[in-house]
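Encoded as structure tokens, the structure appears first; notes follow it.
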Amino acid sequence: METLTPQNLAAAGRPQVFHVRGLTKVYGMGAAEVHALAGVDLDLYAGELAVLLGPSGSGKTTLLNNLGGLDLPTAGELRYRDFDLTLASETELTRYRRDAVGFVFQFYNLIPSLTARENVALITEIARDPMPPEEALHMVNLGARLDHFPAQLSGGEQQRVAIARAIAKRPEVLLCDEPTGALDVRTGIVVLEAIERVNRELGTLTVVITHNAVMAGMADRVIHFSDGRVQHEHRNPTRAPASSLNW
Amino acid sequence: MLSNLDRKLLRDLNRMKGQVVAVALVMACGLAMLVMARSLIFSLESTRQEYYEAHRFAEVFAHLKRAPNALAARVAELPGVATAQAGIAVQVTLDLAGLDEPASGQVRSLPDFGPPELNRLFLRTGSWLAPGSRGELLVSEAFAEANQLHPGDQLAMLLNGRRKEFRIAGLVLSPEIIFEARPGASLPDNRTYGTFWMPYKEIATAFDLYGAFNYLTLTLAPGAQLRSVIAAVDRLLEPYGGRGAYGRADHPSHIRVSDEIRILQTLSIGFPIVFLSVAAFMTNAVLSRLLTLQREQIAILKAFGFANRQIVLHYLKFAFVMVVGGAVVGTLGGVALGHRLVVMYHLFFRFPDLYFRFDRSAVVLALGVGVGAALLGVLSAVRRAARLPPAEAMRPEPPASFRPALVERTGIGHLFSHSFRIAVRNLERRPAQALFTVAGLALATGILIVPNCFRDSVSELLGFQWDVVQRQDMNLGLVEPAGVQVRDLLRQLPGVIAVEPFRGAAARIRFGHRSRQIGIQGTPADTQHSRVVDAWYREIVLPSEGLVVSAKLAEVLAAKVGDELTVQFLEGRRPVRTVPLVGVSEDLTGIAAHMELRALNHLLGDGDVMNGASFTLDMARRREFLHALKQIPRVSWVGIKESLRDNFRQTTAASINLIQSIYLTFAIVVAFGVVYNNARISLAERARELATLRVIGFSEREVGAVLITELTILALIALPLGLLLGTGFANGIVSAVNTETVRLPVIFTLHNYAFATMVVVLASTISALLVLRRLKQLNLVSALKAPE
């Protein structure tokens, strides 16, 4: 297993997307102070599929929220390309989320009153350079269920609609928070396949956070996270196909 | 010691206080209306009843030309008569130093010694007449107040043509004139019309009636039939010029108080029902929301062994707090409003002591109705919680089912934006919630229509009465009919531009078994003053024979054009004639009958006579004219349009403004409360959805638009419905005022509709914006953590 340095990746010709240094996030005050992030140093590069592995409460969701512009750090550096997220205004953050980031959550978070196609179209309408909603849904193998409402879809299908919604705007970054957390193994794998395909075909920087170590196999890079900081990371020489995973 | 479950209750209430307050306030509006109206009914009814009993208000009344006092004893012996009291009632002209225009009034006799048997007076200030006194009188309080007269002041009046000075001994009230207005007038003008009492001997001597009476009142023995007593009295009085006896139901003062009570009854039922059903729904919505939020908590409580009963009770307590809050605020509000309205009644009604009497049963009723409404609202939601098996309750609820909305299924769906789709589908999934928000907003809009409709209708009535019909500047009445040459005399008065004679003749008009006593108005065929118009305000030229009656009178008699009416005159030689009904006129001040002057005189068997005249005046010379008029002894009364109009405007403006401010407050509370509640619930139920929209790149404004679209759709449905509803309310309430004395034309103006729409839109918008501010506090991170 080869140890990765940012220099290695930069040398591989991949542009840096995120630049994180000494990132801390403190909730509460005084005795109730909780250091959710305790000095994270991390760089993420275009096109890679990174799996952020860590036990629950390790601060990985907090990091993802900071990367996605949902939350602002207490201290440290956080740059998306040349854009300093720590200094962004609410309007700029909205703009950033709208144009650059696609989110996939554990609990799908679809709009229940909109069909699959409409849930995706909702985003393509406001995005700068979207793909047609149908194309996004085909990409996650839901071409046949375009006009179904969330209540008419299984959990795995709902999650795939969420992925389609996230990628339809061709985001630079796809952030997935426990995307299979609420699913059984079989449907979980179908969802991971969709993520894998998106990463491969669109070249989107994809960050998947999970506490499930099995998923590390499908990553380019595995980042081990605990106690609010990166403990170590390693690179897989070859990515295992999602379909081969089992847990 | 507070149980922990109750502690949870308090915290839940605190967390949802905005909605709790909104529900309580809407409920309070309905209850305030209920408490106010019921208490006012109670105040008026009980005060009137006590007044009638304590002052022995008569039950039958009869005016006649003249009968010997001995006849009164015979009346008293009629079967069914308990007490009969004979006396004198005459019209007089007053000469008030401070008043330009001549005032008039009625003088009634009091027994020379001792108090009267019936219709006893209440002495407000001053003293009673001394036994055997002369040159003293008692004055009705309303007139004295309007003219700033006090005991000890002098008052001059023309008694049978002779001017005489009187000293005012005291100011009094009478159960006969709780509402005091010139006979036939629908509105009081206390400045120029009053009632006076003096000893029998003095008034009888002045009018050559000593030993006789012309006014009879009596009470009934227990179990007596009003109808048969009236018939017997009529038979007895007929030879003496009896004008037809009548009961309390036809007594002008009694009718007016009863009309007011009837209007209050309408208010005490209709409005509270609507307010309370909206409140009931809001309670349901708030509780449902709470239960959804607390699904898991309920499951845990159950898992730990709490009984369904305890859980149901816990949530019922939550609703009960809103009801009690609403009942307390509503009761206090109702009492406060009632106090203000009672003061307003003082403008129209004179009681010895009319104060606000709190109807305790109204509070019990209010509380009962409030609890009922809340129970209705809560029960289905609470039952749902109770039925929930604990294990299932701990799992999150599955996503709500949706389908394309009806409007989309029509094939135009592709035209809609996503936020519009989200909005309509949400509305269609929760039709009850949408329905009641619409109902609430419609109600708010509707109740705003009522006071303005009332105002517009009154102003239309005034315009009709004083611009369309009565184009003269002034009317006067003569003591006795006189030859039409008097007109030439009147024409000589300073400032007169035109003068027209008229004659009023008291008569009973009969058709089939229905009849009404009325003054038939005789005017020249080409009259330019007291014009007769049809429903489209087109002038009706009076034909040389036949009667034209007001639509209301035709309705009362169930007669139509071409029918032959029997007219029994109650004056002169009292002829009975058959007269064809030749036309139906519009008259908003009640029942009226018109005839060409000469035709009327002919029917009465008289020559060319008149008993009154109308004038067009050079208003610059008004004072001069009135001064000259005061010197003419034959004038019995004068009505000046301008002062009637001003007086009317002032009294109605005060009351309408008060009512309008009440309705305005209620409308704002309801619109605000309903929108606030709806928006808060949407916001809470869909926090996750809205947060998701924010996370995937929607701006705050765009997310707000989703909520606003929903409210806008509801408002767009509610406003026209509300205008319709208000039109219905106003029609109902204004036509409840529709009596034989006043018929308000129900007028709806664009201004009225625009005002109602504006107020509701404004209140809703402010309320919605207040809720939207909460979007800023939407916690994006935590809303995404776990589904509800």
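What to note about this one:
- For region B:262-372, the spread of Cα coordinates along the three principal axes comes to 68, 21, 17 Å, biggest extent given first.
- Inter-site label distance for B:S544 and B:S459 at 7 Å from Cα along Cβ, in nm: 4.5 nm
- Kyte-Doolittle at least -0.5, axis length at least 30 Å by Cα - qualifying DSSP helices, chain B: B:17-54, B:252-293, B:308-345, B:360-387, B:431-463, B:641-685, B:700-736, B:750-772
- Listed residues B:I497, B:I178, A:I126 arranged by accessible area, highest first, probe 1.4 Å: B:I497, A:I126, B:I178
- Other-chain or far-sequence residues with amide H under 5 Å of B:R357's (modelled H): B:S43
- In this simple spin-label approximation, A:V34 and B:K8 carry label points 7 Å from Cα along the Cα→Cβ vector, and these lie 2.3 nm apart.
- Whole-angstrom gap from region A:145-198 to region B:302-351, using each part's C-alpha centre: 51 Å
- Excluding same-chain neighbours fewer than eight residues apart, the lysines reachable from B:K65 by a Cα-Cα span under 24 Å are B:K164, B:K201.
- Environment charge at B:G522 (Cβ cut-off 15 Å; Lys +1, Arg +1, Asp -1, Glu -1): -2
- With a 10 Å cut-off around each Cβ of B:696-704, the average count of Cβ atoms from other chains is 6.
- Options B:A82, B:N601, B:A667, ranked by Cα towards positive dipole end of the protein assembly as shown, top entry (Cβ charges): B:A82
- A cut-off under 9 angstrom between Cβ atoms defines the neighbours of B:L171, and their net charge, with Lys, Arg +1 and Asp, Glu -1, is -1.
- Where a label projected 7 Å from the Cα of A:A144 along Cα→Cβ would reach, residues of region A:74-115 with amide N under 13 Å: none
- The fraction of Cα-Cα pairs per 10 angstrom bin, counted from 0 for region B:58-251, comes to 9, 36, 36, 16, 3, 0 percent, rounded to whole percents.
- Amide H to amide H, with H built 1.01 Å from N, B:I540 comes under 5 Å of B:V532, B:V533, B:D534, counting only residues 5 or more places away or on other chains.
- For region B:470-644, the relative contact order is 39 percent, taking Cα pairs closer than 8 Å that sit 6 or more residues apart in sequence and dividing their mean separation by the residue count.
- Between the alpha-carbon centres of region B:47-85 and region B:506-563 there is a gap of 33 Å.
- Positive minus negative residues near B:I766 (Lys, Arg vs Asp, Glu; Cβ under 15 Å): +3
- Once backbone amide H atoms are built at 1.01 Å from N, A:G76 has A:T24 as its partners under 5 Å, excluding neighbours fewer than 5 places away on the same chain.
- Result for chain A in a Gaussian network model with C-alpha springs under 10 Å: among A:P150, A:P133, A:P15, the largest mean-square fluctuation is at A:P15.
- Exposure ranking of B:R15, B:R491 by accessible area [1.4 Å probe, largest first]: B:R15, B:R491
- Taking Cα atoms only, the orientation of helix A:155-167 departs from the longest principal axis of chain A by about 70 degrees.
- With all protein chains modelled, accessible area of B:D488 [1.4 Å, Å²]: 70 Å²
- Between A:G30, A:G39, A:G69, the GNM of chain A built on Cα springs shorter than 10 angstrom shows A:G30 fluctuating the most.
- Between B:R383 and B:A653, the FRET efficiency from the beta-carbon distance, with R0 = 51 Å, is close to 0.45.
- Computed FRET value (nearest 0.05) for B:E77 with B:T578, which takes r as the C-beta separation and R₀ as 45 Å: 0.80
- Here the extension length gained between B:A620 and B:A535 equals 27.2 nm, from 0.36 nm per residue of separation less the Cα-Cα distance.
- Nearest 10 degrees, 0 to 90: helix A:185-202 Cα axis against chain A principal axis: 80 degrees
- Once you reduce region B:684-719 and region B:170-230 to the center of their Cα atoms, the two points are 69 Å from each other.
- In straight-distance terms, cross-link reach from A:K60 covers every one of the lysines whose alpha-carbon lies under 26 Å from its own, apart from those fewer than eight places away in the same chain; here that gives A:K25, A:K169, B:K776, B:K785.
- For B:K560, the lysines whose Cα falls under 22 Å of its own Cα, not counting residues fewer than eight places away in the same chain, are B:K552.
- Under the combined filter of DSSP loop state and at most 14 neighbouring Cβ atoms within 10 Å, region B:166-242 retains these chymotrypsin sites (Phe, Trp or Tyr not before Pro): B:Y210.
- B:S361, B:S530, reordered so the largest accessible area comes first (probe 1.4 Å): B:S361, B:S530
- Inter-label distance, nm, simple model (7 Å from Cα along the C-beta direction), A:E92/A:L202: 2.5 nm
- Rg to Rh, two decimals, where the protein assembly as shown supplies the alpha carbon set and Rh follows Kirkwood: 1.19
The values are calculated or read from the model by the stated rules, or taken from the named source; none is laboratory data. This structure is a prediction, so every number in the text was calculated from the model and none was measured. No Cβ is skipped: glycine too gets one built from the backbone with ideal geometry, and neighbour counts run over all protein chains shown. Keep in mind that these areas ignore ligands, DNA and RNA; they rest on the heavy atoms of the full protein, side chains included. Shrake-Rupley method; radii C 1.70, N 1.55, O 1.52, S 1.80 Å.
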